[in-house]
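As structure tokens, the structure follows; a few thoughts come after it.
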Amino acid sequence: MKRFVAFLVIMVMLAAPALGGCTKSSSGVSQQSGTAPQGTPQSSTRGNTLVIGIGADATLLDPQKVMNNESGYVMGLIFDRLVHYKPGTTEIVPGLAERWEISKDGLVYTFYLRKGVKFHDGTPFDAKAMAKELDRVTNKDNPNYYKKTPGIHSFADETYALVSKVDVVDDYTIRITLKKPYAPFLSDLGMVWSGVMSPTAVEKYGQDSGLHPVGTGPFKLVEWVRDDHITLEANKDYWGGKPKLDKVIFRIIPENSVRLMKLQKGELDIIDGINPDDVPKIKADPNLVLYEEPGLAINGVRLPNQVPPFNDKRVRQALNYAVNKKEMDDFLYKGLAVEMNSPLPPVQWGYDDSLKGYPYDPDKAKRLLAEAGYPNGFQTKLLTYPNPRGYNPVGPKMAVAIQEYLKKINVDVKIEQLEWGAFLQTVRSGKYDGMALGGWSGDNGDPDNFLYTLFHSSTYPVGNTAGYKNPKVDELLVKARETSDHEERIKYYKEAQKLIMEDAPWIFVNSVKQIRAASKRVKGFQLNPLQMFLDFEKVYLEQETK
């Protein structure tokens, strides 16, 4: 125990902003959208304005061009999708489509669209508008084709990859035909990343529409000051009913402790990225509410599978045995996490609870390294990010913990910290040669969103950032997404989980609970498995009485 206490002291020291290799954001210049006056929002005069503290800025606000939670938090309020999720679940319910039909062969989806809906700029939402949005993610000849923006990492690559044609049947009916059956398609269309952008905004701003987002959602963008705050204003004509809030402001505050302090002082109303050590403090505060539920998320370390020494499965397995996940969960995550025995989180349907995972066994780790030709270990680096994540609330402290454990098997790890945007660009480029922190939050409640996205060879380097390749796993994951039979899908996923765990493309660490803290004045707020801020037209602030 004393050894671990000392270890925690080291982590606190090394997890400070001065970690080696630290870089500053290249987007530090203010970027404004809309007409509201620029300035830091003041809590004392905010009235019916809800302020959310998050750990990093959005990178872009175009659903078709981005896939990170901070962007998703904001886009969930700006954009609607063809289908939505039932509040608090991943069950599909009507969104911009009032109803739909799916052909028996699973290839043709016909959507009957909601009438009378308008984008924030006044453009009518209809079948033609929807077709234009689909064209920019399926037609490479479209001047606004989403991939013409450099460095794009998007879910559109998967969601729309199998679309063969889109037909406008009438003003409010659109038909999408797929090349092959794709079981998760409807769930994909409910994701934040399937939000629908105004065709007028796309025509006006082209590839920069992500800086001027225009959706049909309950809130619209009025100001974006980079690395400071994003201000949204209620869409009073929202088809789902006028929001109860006048404004929602996302304030970018990297440090967990600072966000909590501001929440306690009343400057913030909701925060993400809570230090596990602070949970008892939040529970004891009569003015705060802690929201928590099992997380649809995984947390670990990416290993570049094609780069020596990580191209040897024995090395990857050794690194998994070297990390004491239970100790980390108990002392670093304070019991808010469970160690992983599968690449799926325990709450995900299709999860195989019979798998054993990698128990802590440093002696076995050393034997495997010796068998692989590294009896004296090796040197490598570990990329980390500075801010907490939904799947990793302790942020870079996790990197220091991994460093400490690997040192015990003679693996010398140098930590390099990058600003969040630079970190994403690096690990999704396929050009990093050391380890990197890795994690994933479920986007649609389907196992495909974890297993295909992260471990199918075709998604390298954006989803499959580890460069993992196993032809048998590829085959199983394709079969699973091409059948609509639920039990068959589970069978394929269980077989794939077993193979992935044996191949150890990541150091699989844990699955963390989703937690948020809020002022007790916040009413109508509920968590959802996808970690996004959704259904905010129902959220309101209880007015203080004098």
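The values are calculated or read from the model by the stated rules, or taken from the named source; none is laboratory data. These numbers were taken from a predicted model, which means no experiment stands behind them. Quick reminder, even Gly has a Cβ in these numbers, built from the backbone with ideal geometry, and neighbours come from all protein chains shown.
Here are the numbers for this structure:
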| quantity | calculated |
| --- | --- |
| Candidates ILE490, ILE507, filtered to the one that is β-branched (Val, Ile, Thr), under 24 Å from the mean Cα position of the chain (by Cα) and buried (at least 19 other Cβ atoms within 10 Å of the Cβ) | ILE507 |
| Some residue of the range 250-259 being in contact with a Leu (Cβ under 6 Å, 6 or more places away or on another chain) and modelled with pLDDT of 95 or more | no |
| In the range 369-390, the residues that are in contact (Cβ under 8 Å) with a residue 40 or more places away in the chain and within 14 Å of LEU406 (Cα to Cα) | LEU369, TYR374, PHE378, THR380, LYS381, LEU382 |
| Check on GLU371, buried (at least 19 other Cβ atoms within 10 Å of the Cβ) and either farther than 30 Å from ARG259 by Cα or modelled with pLDDT of 95 or more (or both) | no |
| Which listed residue, of VAL196, VAL192, VAL225, VAL166, is modelled with pLDDT of 95 or more and farther than 30 Å from LYS244 by Cβ | VAL166 |
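Yes/no per residue for (1) polar (S, T, N, Q); (2) under 30 Å from TYR452 (Cα atoms); (3) without any contact (Cβ under 8 Å) to a residue 12 or more places away in the chain:
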| position | (1), (2), (3) |
| --- | --- |
| ALA183 | no, yes, no |
| LEU189 | no, yes, no |
| VAL192 | no, yes, no |
| THR200 | yes, no, no |
| GLU203 | no, no, no |
| GLN207 | yes, yes, no |
| HIS212 | no, no, no |
| PHE219 | no, no, no |
